[in-house]
Amino acid sequence: MGGSRPPPKKFRRTGGEAARTARGGSVRLGRGRAAAAYSAPMRLVLAALLLLGSAVGAQADACARLAGRFVTTTGAAIAGRSGSVVAFGAADADLMLLDCAAPRRVILRSRFAEPNRYTFVLIGLAARALTGARAEEAEALALRLHRAVRLTGTDRSGQAGRAEILCGARPAGEFLTNCLVRAAQPHALRRLSGLTQTR
């Protein structure tokens, strides 16, 4: 009766079990936090990849639709495609390339310094397919630009509706006539580009 009473068994067990549980619990909690910290960046990476894949797919679909519009508008046939660039076979141009990457543009080249008028008809149709510009207006502009290039020996550019046409003075390899069609830029950007306007 006079001695001190030992603690109940359950308190002696609880002390050891609590320590083991605390140690084990801390390990389990650490693993959970590590997994969460690891999985969060992975989820972000996977989401970014999915968004990138969707964007690339949408761009490919848009380029395919635009290429189809060129076929129906100009009568040219698709000869091949590499990335964003689509090559066409056209009777009135020795080279016709559509680049779907922004800013979208089409390049038309001829081996002749004086191509026949149907080359300029094709440029007008390409302008309509690319920008919705009036084909006849773009055709007439392209012909004027080409003649100005031949007379002055300098690059010339002009605008027909929503289309901007640029014709280069220097040959591009074997091609003596080299014109490019793209969507018209705002006036300020055209002025900064330093391109000579011909109307």
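The values are calculated or read from the model by the stated rules, or taken from the named source; none is laboratory data. None of these values were measured; they are calculated from a predicted model. Positions of Cβ are generated from backbone atoms using ideal geometry, with glycine treated the same way; all protein chains shown enter the neighbour counts.
Give the residues of segment 117-143 that are in contact with a Gly (Cβ under 7 Å, 6 or more places away or on another chain) and among the charged types (D, E, K, R), sorted by residue number.
Hits for segment 117-143 are ARG134, GLU136, GLU137, GLU139.
Can you tell me how many residues within segment 149-187 are touching a Cys at 6+ places or on another chain (Cβ under 9 Å) and closer than 17 Å to ASP94 by Cα?
Residues that pass the stated criteria total 6.
Identify the single condition in (1) modelled with pLDDT of 70 or more; (2) over 22 Å from CYS100 (Cβ atoms) that PHE175 does not satisfy, given that it satisfies every other one.
(2)
Does LEU98 qualify as being surrounded by 15 or more Cβ atoms within 10 Å (Cβ to Cβ), modelled with pLDDT of 55 or more, in a helix (DSSP H, G or I) and not β-branched (Val, Ile, Thr)? Talk me through it step by step, then tell me what you get.
Values: surrounded by 15 or more Cβ atoms within 10 Å (Cβ to Cβ): yes; modelled with pLDDT of 55 or more: yes; in a helix (DSSP H, G or I): no; not β-branched (Val, Ile, Thr): yes.
Taking the combined requirement at face value, the residue does not satisfy it.
I need the full set of residues from segment 101-129 which are within 22 Å of ARG150 (Cα to Cα) and assigned to a strand (DSSP E or B), in order please.
VAL106, ILE107, LEU108, ARG109, SER110
One line per residue, one yes/no per condition, for (1) modelled with pLDDT of 90 or more; (2) in contact with a strand residue (DSSP E or B) (Cβ under 6 Å, 6 or more places away or on another chain); (3) among the basic types (Lys, Arg):
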| position | (1), (2), (3) |
| --- | --- |
| ARG43 | no, no, yes |
| LEU50 | no, no, no |
| VAL56 | no, no, no |
| VAL71 | yes, no, no |
| ALA76 | yes, yes, no |
| VAL86 | yes, yes, no |
| GLY89 | yes, yes, no |
| ALA93 | yes, yes, no |
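With respect to the numbered conditions (1) out of contact with any Phe, Trp or Tyr (no Cβ under 6 Å at 6 or more places or on another chain); (2) buried (at least 24 other Cβ atoms within 10 Å of the Cβ); (3) in a helix (DSSP H, G or I); (4) aliphatic (A, V, I, L, M), which one is the sole condition not fulfilled by LEU151?
Evaluating LEU151 over (1) out of contact with any Phe, Trp or Tyr (no Cβ under 6 Å at 6 or more places or on another chain); (2) buried (at least 24 other Cβ atoms within 10 Å of the Cβ); (3) in a helix (DSSP H, G or I); (4) aliphatic (A, V, I, L, M) leaves (2) as the failure.
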